[in-house]
Every structure is written in C-alpha cells, then in structure tokens.
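*Asks:* Encoded as structure tokens, here's the structure I'll be asking about.
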Amino acid sequence: MTDSAMNQPFATRRTFAIISHPDAGKTTLTEKLLLNGGAIHLAGEVKARGAARRARSDWMKIEQQRGISVTSSVMTFAREFEGLGHITFNLLDTPGHEDFSEDTYRTLTAVDSAIMVIDAAKGIEPQTRKLFEVCRMRNVPIITFVNKVDREGRPVFEILDEVADALALDVSPQSWPVGMGGQFEGILDLKSGRISRPEGDSREFLGKVDHEPVPEEFAEEIELGQAGYPEFDLEAYRHGDLTPVFFGSALKNFGVAELIDAIARIAPPPRPQPSEAGTIDPSGNEVTGFIFKVQANMDPMHRDRIAFMRLVSGTFRRGMKLTPSALGKPIAVHSPILFFAQDREIADEAQPGDIIGIPNHGTLRVGDTLSETNKVRFTGLPNFAPEILRRVQLKDPTKTKQLRKALDDLSEEGVIQVFYPEIGSQWIVGVVGQLQLDVLISRLEAEYKVGAMLEPAPFDTARWVKGEAKALSDFVEFNRANLAKDRDGDPVFLARSSWDVSYQQERNPELTFSATKER
Ligand code: GDP
C-alpha cells in the first residue's frame, strides 16, 4: 500500500473469516475474539444469541435438530492497538457444516484474510483442506491457530510438519505450547520469551504472564523448533506462501489476545478486487461493492431479504444511490445495516472492507455488483457444479407458478441451483450437500405454501457449456434431452456420469464444460 493509502480510513479494516473442520473450535474462538475485542460481555453469548434467533423461524428448526448453523453472519468489533490506533475487525462467519460449503466458499470471496483453526489432536481435516484450497485459489493469506492444547494433542513438530506438507506452505511458529494436556504449563511467546500461565482450578488464562525459564524437559524441543522453521516473513504471508502459527486454547483463553494482535498487525487491509475491467482499488472514489450472500428471515417480522455487500471502494453514505448490475437502474440504500456484534446497527457510513446489509425484496442477487456508475463488474463469485440433482414434484399441480417463484428466489439466495430442462416440464434442483434439500422442502412449505417432493433425476452432475455461438447452438440441438437453462438462461449440460462429461468434452473440443460458473 502507498503511504497515502495507509492514512485512509479503510486501512484500519481487517475483514476476515475463520476456516475449520466442524468441532475444531470455531464457535468458541469466535466468542473469545469478540470478548477480547470488547464486543460482547459474556462468553457463551454467540451460541445463546444464535439459538434464540434460530428458534424464531420454523424452517430453521432444521438447524436446531441437526445442531448446525445454516446462517452466516457478520460480526464487527473494534479496539485500540498501541502504535496502530483504532482497528475495526469484520469477522464473516461461515457455516461449518460441509453441506453448506457453497455458501462458505462465496463468503471467502469477501474476506482479505483467514484464520485456520486446527484441533491439536486431529491436525488437518477434510473440510479444513477444502476451505484452504479456496483461500489458496484467491491468494488469501492465512494465520494458523492450533487449538485445544490444554488437552492431549499430537506432538508440536508433527502438527507443524503436517500443515507444511499437506498444504504446501511454509510454517512459522510464533508461539509454542509448554507441554500439552495434563502437562500443559502455558504458552511461550517466541518473540518476547514470555509465558502465559494457567491459573486456578479451571486452568484458564486470566492474565498471568512471566519470564520464568521454560522447564528443562521442554526447553530442547522449543529450541529445536525455533531453529527448524523459517522466520516470519510478511511478504510471504501476504502472498499466501507462509503461515504464522499460534498455539492456544480457545476454551481456556490461551493465545487469543496474541491472535487478535496478529490480525491487527499483519493481516492485510482491504485488497483490490478483480473486475472485468481490471482490479478496483479500495482507494478509488467511486462507491462499489458486490453481493456475496443473500439471506431471508433474519427478522421474522418482515419478509425482507438481506443482501450482504462487501464494500470494495469509496465511502458509502446512507441514502446513497447505487445501481445493481442485474437490475440496471439505481436503488436508494436508505436503511443499510452494519453488524456490530451487540446488535444490528443502521449504518451512516462505511468504508472499503466493511460489510453492509441491504434490505430488499429480491432485487439483489448473489454475484451482483453495486456501483455508482454501473460500469464496474466484479468477477470471481463462483457457482459450483451441484453434486446432487433432484426432480421437483408438486403435491398440488396447480401451484406451478408459486413453485417457479420459490425456486427462482431460493436459487438467488444460493440455497439451491435450479435448472429448467429444454424438454419436459419437471424442474431440477441441484445442491452441493444433502442438507440443502431438507432446507429446500421446509422453506417451500413454510414460506411459499408449496408442498413438494423430490425424486431422483437421471443425472449425476451438471456443467455450464460455453463456446462460440454456432458450435453452442449445434450442441444444444443435438443434446436437447440433456440440456437445461439455469436461472440466468445460460445453457447447462446435465450429465449422467462424469464419463459423460469427458466424452462430450472430447467430441466438442471447441466448447468448454465448466464445473463452476463465475458471475
Ligand atoms: P466448532 O464446531 O468448530 O464451532 O467448534 P466449537 O467451538 O463448538 O467446539 C467444539 C467442542 O470443542 C466444544 O465442546 C468446545 O467446548 C470444545 N473446545 C473448543 N475449544 C477448545 C479448547 O481450546 N480446548 C478444549 N479442551 N476444548 C475445546
């Protein structure tokens, strides 16, 4: 960043997400980050608030039954840092359940960095790896937090080497656990040489820090560790080639303050975003942003949806007129919402990196660009090839219209993808995970009063087909029985197997069959 950019308000923003496998401790860490950031007063509140919120809406019962979180949210907190001043953190929560990975992936397009939480006993798990790959694709820098060192975990070297090998990253330990589990004596900060100590019966970190020497049995390991891994390198981290590693316990509050400090000091401020006409810099004057998520039913008293916009450039002010790319005409954003962890607040002003909730009735869609001039188009928000395809069967055949509306709405929200076959009248829905189908059926009933059943479709996967007009129309003509349109009217090849995809790809080298659709 240039010096003048350093002084701009957006330079104080840190917009990030936590990526992890379910159970690694993301919720617990989120709570502690908010507590340490001064945003909430009681631990446990994130889950409690979440539960209270969930109980309000019928379809969300699924969440309760399954004990998972379907809804993503945004949490903002701010604090002073010595030498840095006031830093504002925007933590974008990503649903941890693997069935909701598509939503999670999209959220990652809206962050500038990520915290990767790993369970010290389990190391890199499948979901961590998947999410990591998405971060890598977009060069999102990652800070690693090895959690649960208050319990028996794997040897520190083993964990560090696994991260390095599995993810092909340099790892740079910033702290080191002095023993784990029953032997746990604290966390050594490798830079300052100070040890945070457990206190009392709960063996929590309550602020006790000392310079006592590390017990001999651990000293050698720590010395070896310090010598055996690369030193922290800001450039390499910002490029996504190196991850600083912190050890801690979210439950017992170890390593959390250090983590926040690291996000404030090394995590990148808002980055330029790719658009059709080159990258858009946060220092640009024009207000631009993109929608990465649309959510209904946040407030059961209203039927509104909230579209989540990541602000990319310019200073947003309440009441401002912005043009959504899909709509083509300006809308006035009168009651934008900011997401302070205490409560939702009406935003008067927002900076690049901030997330704004925009209430609307379905005009705003995932992937839309909003801008003042309507000349910008952000790229890179993917739709993923569905892994499960189902035909939708109406219980009451007179409700076709309502069904179409519902499917269009829910696909706009990113809950499902919908495909309208060229032949036949049965619409097909595609999802990345089974749970999305349950959500679909309950929401059809609860919100649209449409009873529906899902039947197996004779297709296994879908590919977006692109190519020169003549080749494309020939292909469509020959393969009508396997073709559908997505909600934007773009052609999609419904394949019976992945073999089918390779076969068509071979026969039609002038066409591309892609598993993702970038909007
Ligand atoms: P999430 O699924 O990643 O959000 O994980 P949670 O935060 O819900 O944690 C999963 C379980 O691990 C819960 O029972 C937590 O109490 C527990 N847990 C989280 N962090 C720690 C930790 O640092 N130490 C120990 N011993 N348990 C933890």
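The values are calculated or read from the model by the stated rules, or taken from the named source; none is laboratory data. Remember, it's a predicted structure, so these values are computed and weren't measured experimentally. Here Cβ is always computed from backbone atoms with ideal geometry, including for glycine, and neighbour counts include all displayed protein chains.
*Asks:* Somewhere in segment 29-51, is a residue at pLDDT 90 or above and either within 30 Å of T288 (Cα to Cα) or within 16 Å of the ligand (Cβ to nearest atom) (or both)?
*Replies:* Yes: segment 29-51 contains one or more residues that are at pLDDT 90 or above and either within 30 Å of T288 (Cα to Cα) or within 16 Å of the ligand (Cβ to nearest atom) (or both).
*Asks:* Can you report the number of residues in segment 207-257 which are within 15 Å of the ligand (Cβ to nearest atom) and of a type outside the set (S, T, Y)? Can you show your working first?
*Replies:* In the first step, residues of segment 207-257 are kept if they are within 15 Å of the ligand (Cβ to nearest atom); the result is 246-257.
The next check asks that each one be of a type outside the set (S, T, Y); those that pass are 246-248, 250-257.
Residues meeting the conditions: 11.
To keep it simple, each residue is scored yes or no on (1) surrounded by fewer than 19 Cβ atoms within 10 Å (Cβ to Cβ); (2) of a type in the set (D, E).
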| site | (1), (2) |
| --- | --- |
| I423 | yes, no |
| Q426 | yes, no |
| L440 | no, no |
| A462 | no, no |
| V465 | no, no |
| D474 | yes, yes |
| R487 | yes, no |
| R496 | yes, no |
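*Asks:* Next question. Being within 16 Å of the ligand (Cβ to nearest atom), buried (at least 20 other Cβ atoms within 10 Å of the Cβ) and under 14 Å from the mean Cα position of the chain (by Cα) is the filter here; which residues of segment 118-141 pass it?
*Replies:* T128, L131, F132
*Asks:* Only one of G186, G153, G181 is touching a Lys or Arg at 6+ places or on another chain (Cβ under 7 Å), closer than 23 Å to D23 by Cα and without any contact (Cβ under 8 Å) to a residue 40 or more places away in the chain; which?
*Replies:* It is G181.
*Asks:* From the set of residues in segment 468-519 that are assigned to a loop (DSSP other than H, G, I, E, B) and in contact with a strand residue (DSSP E or B) (Cβ under 6 Å, 6 or more places away or on another chain), which is farthest from V431 (Cα to Cα)? Working first, answer last.
*Replies:* Looking only at segment 468-519, we keep the residues that are assigned to a loop (DSSP other than H, G, I, E, B), and these are 468, 479, 486-490, 496-497, 508-511, 515, 519.
Subset that is in contact with a strand residue (DSSP E or B) (Cβ under 6 Å, 6 or more places away or on another chain): 486-487, 511.
Values: D486: 13, R487: 14, L511: 24 Å.
Selected residue: L511.
*Asks:* Ok, one more. In segment 152-175, how many are assigned to a helix (DSSP H, G or I) and surrounded by 15 or more Cβ atoms within 10 Å (Cβ to Cβ)?
*Replies:* Summing the residues that are assigned to a helix (DSSP H, G or I) and surrounded by 15 or more Cβ atoms within 10 Å (Cβ to Cβ) in segment 152-175 gives 8.
*Asks:* Condition check: hydrophobic (A, V, I, L, M, F, W, C) and at pLDDT below 85. Does V415 satisfy that?
*Replies:* Here the answer is yes, as V415 does meet what is asked.
*Asks:* What's the total number of residues in segment 285-308 that are at pLDDT 85 or above and surrounded by 15 or more Cβ atoms within 10 Å (Cβ to Cβ)?
*Replies:* 9
*Asks:* Tell me yes or no: at least one residue of segment 311-332 is at pLDDT 85 or above, of a type in the set (K, R), on the phi < 0 side of the Ramachandran plot and crowded, with 23+ Cβ neighbours inside 10 Å.
*Replies:* no
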